[in-house]
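Coordinate-derived values only; no laboratory data. Computed from a predicted model, the values in this text were never measured in an experiment. Cβ placement follows ideal geometry from the backbone for every residue including glycine, while neighbour counts extend to all protein chains displayed.
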Amino acid sequence: MSDFQALDRASQNYNQYGNPDHPEHEAKLSHELIGGAAAFAAAKAYQNHLAANGQPQSHANAKALLAGFAGAFIDREFETKGLNFLDREKAKRHAVEQAEQQVNAGQWQ
C-alpha cells in the first residue's frame, strides 16, 4: 500500500468513525476503525505541533509524539463514548502502528 493510500485510508476511518449515522458510513466500530481514526487525529495534532514548535529533535521523538496523540484520542473516546466493548490497548496498538508507518515513510514531517 502506498503512503497516499495509507493516509487516505486513515482519513476515511476518521470520517467514518466521526459520522456513524451517515448512510455511507455504516461500519461496525472495531479496533481497526478507531485505530485508524486515532492515527489520523494524531497526524492532525502532530501537524499542529509542528506549526507551533517546529520539527522534533529526532525521529524517535516524532514517533513518541504521534503515539501520545493517538493514545490521547483513544482514551478520550473510550471515556466519553463508553466503548467498553472494545479493547482499549488493542486499539492503541493499532493506532500507533499506523501512525509510525506514516512517520517512517516521512508522510507527516
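Data for the structure
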quantity	calculated
Prolate/oblate/rounded label for the range 34-80 (Cα gyration tensor, a/c 1.5)	prolate
Full-stretch length increase - Lys44, Lys90 - with 0.36 nm per residue and alpha-carbon distance subtracted	14.4 nm
DSSP-loop chymotrypsin sites (Phe, Trp or Tyr not before Pro) across the range 53-109, with at most 11 other Cβ within 10 angstrom	Phe85
